[in-house]
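The values are calculated or read from the model by the stated rules, or taken from the named source; none is laboratory data. Given the structure is predicted, the values throughout are model-derived calculations rather than measurements. FYI the Cβ positions are ideal-geometry reconstructions off the backbone, even for glycines, and counts take in every protein chain you see.
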Amino acid sequence: MSRLTRYILRDVLKWYVMGFLLFVVLQMTDVISQTVGAFLNYDATPQQALATLGYNLPLLLNRSLVLAVPFAVLLSFGRMQGDSEIKAMYAAGVKPLSLVWPLALPFVLVGALTFANSGWLAPWANARWYDAWYDIYGMTPVPPTREMYAYSEGETLFYAGRVSTPEGQGNPDAMLSGVMVQRGDEVITADSGSWNTATQTWTLNDAWVTRPGQPPEFSAKLMTFDQKDTLAPPRPEADQLSNAQLRTELASPTLEGPERRTLEHQLAGRTADSFTAMIFALAAGLLGLLMPGRAWAFAAVLLVIVVYYVPWTLGPQLAAGGALTPALVAWLPNLIFIALAAVLAWRLR
């Protein structure tokens, strides 16, 4: 490694450490400002407050590790441009692109750290963040639920708007809300019911029976139906699953629709995010060579963050809605900056 490369990397990494700490502090300040009121209102102990704030750290670290890259590279190159160091390098015969490629090396390590953090530590912390708040509120965690459950068996269709599975209780194993059972031309609906997996039955309370050509008929008696499906535990939120758990869930043949697309986007997004630091380093380095000074470099930092942040935050909705494939949505922010880097590299060749 040449002395010039070491000099550039040393200056960039100095700015990177400052940028990383700055973004962590800014984000943690925002979290504290949003939660301190709840801590005071519910008399949270210092241990409870610190635990809740600590569970935010893995997510904040991931964002800061990535966002500090354009901050460091652009401000470092902006300083060098302002001090005419870049011009001196050009005068010595240094090619512009040779100043940028070495920047990718240290940020490959940042990408590996980001991948490990988002794949294992962050999901673990996200799951415990909710439990920490229930502890502060003095509440029992909400029972796991499944939304819009549907199952067909022969000519019978079973549907429930929500399936709740209380923990630590006996039968019924699950409570049903917004229930419908269709047997041929007969439709039975009820606001609530229960699912007993031991007897493999659904029991409906205060059901209404509708048959073709007849008015709905109210049934004061409990109505029981055989139902052979297995009551699988509800899936946790996608951001609470490790990479291995995401792959296991995606291997299930019963997973489909928005739920599958959400998990696919979560897994693809973690992989894409691990390359963002390196892509940022190259794109920001090439852009920094065109910045005339510090002020322009700072403005470019804000622009880069906004351009990245908009498609990144819209990604989950686009993927779940099927507007684009989950993989394409996950890689879209990176593809924007790969295209930018390609244009700038051609300009500076």
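Structure data summary
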{"quantity": "Qualifying residue in region 102-109 (condition: closer than 30 Å to Leu50 by Cα, assigned by TED's automatic domain parsing to the domain that holds Lys14 and not charged (D, E, K, R))", "calculated": "yes"}
{"quantity": "Members of region 226-284 that are under 20 Å from Met148 (Cβ atoms), touching a residue at least 24 places away in the same chain (Cβ under 8 Å) and of a type in the set (Ser, Thr, Tyr)", "calculated": "Thr230, Thr262"}
{"quantity": "Matching residues in region 224-249 - criterion: being at pLDDT 90 or above and loosely packed, with under 14 Cβ neighbours inside 10 Å", "calculated": "Asp226, Ala244, Arg247, Thr248"}
{"quantity": "Filter pass, Phe20 being closer than 24 Å to Pro333 by Cα, buried (at least 16 other Cβ atoms within 10 Å of the Cβ) and aromatic (Phe, Trp, Tyr)", "calculated": "yes"}
{"quantity": "Failed item, numbered, when Tyr90 is tested on (1) exposed (fewer than 15 other Cβ atoms within 10 Å of the Cβ); (2) among the aromatic types (Phe, Trp, Tyr); (3) more than 27 Å from Leu289 (Cα to Cα)", "calculated": "(3)"}
{"quantity": "Any hit, region 298-308, residues being without any contact (Cβ under 8 Å) to a residue 24 or more places away in the chain, touching a Lys or Arg at 6+ places or on another chain (Cβ under 9 Å) and on the phi < 0 side of the Ramachandran plot", "calculated": "no"}
{"quantity": "One residue from Arg247, Arg294 being over 23 Å from Phe107 (Cα atoms) and of a type in the set (D, E, K, R)", "calculated": "Arg247"}
{"quantity": "Selection within region 157-176 - at pLDDT below 85 and out of contact with any Phe, Trp or Tyr (no Cβ under 8 Å at 6 or more places or on another chain)", "calculated": "Thr165, Pro166, Glu167, Gly168, Gln169, Gly170, Asn171"}
{"quantity": "Test result for Arg270, of a type in the set (Lys, Arg), buried (at least 16 other Cβ atoms within 10 Å of the Cβ) and within 25 Å of Trp120 (Cβ to Cβ)", "calculated": "yes"}
{"quantity": "Meets criteria (at pLDDT 90 or above, within 29 Å of Leu113 (Cβ to Cβ) and either small (Gly, Ala, Ser) or buried (at least 17 other Cβ atoms within 10 Å of the Cβ) (or both)) for Leu59", "calculated": "yes"}
{"quantity": "Test set (1) touching an Asp or Glu at 6+ places or on another chain (Cβ under 9 Å); (2) part of a loop (DSSP other than H, G, I, E, B); (3) not charged (D, E, K, R) - Val66 fails condition number", "calculated": "(2)"}
{"quantity": "Residue in region 254-277 that is under 15 Å from Leu74 (Cα atoms) and touching a Gly at 6+ places or on another chain (Cβ under 7 Å) present", "calculated": "yes"}
{"quantity": "Selection status of Leu335, out of contact with any Ser or Thr (no Cβ under 9 Å at 6 or more places or on another chain), in the same structural domain as Leu97 (by TED's automatic domain parsing) and farther than 21 Å from Ser64 by Cβ", "calculated": "yes"}
{"quantity": "Lys221, sole failed condition from (1) in a loop (DSSP other than H, G, I, E, B); (2) basic (Lys, Arg); (3) in contact (Cβ under 8 Å) with a residue 40 or more places away in the chain", "calculated": "(3)"}
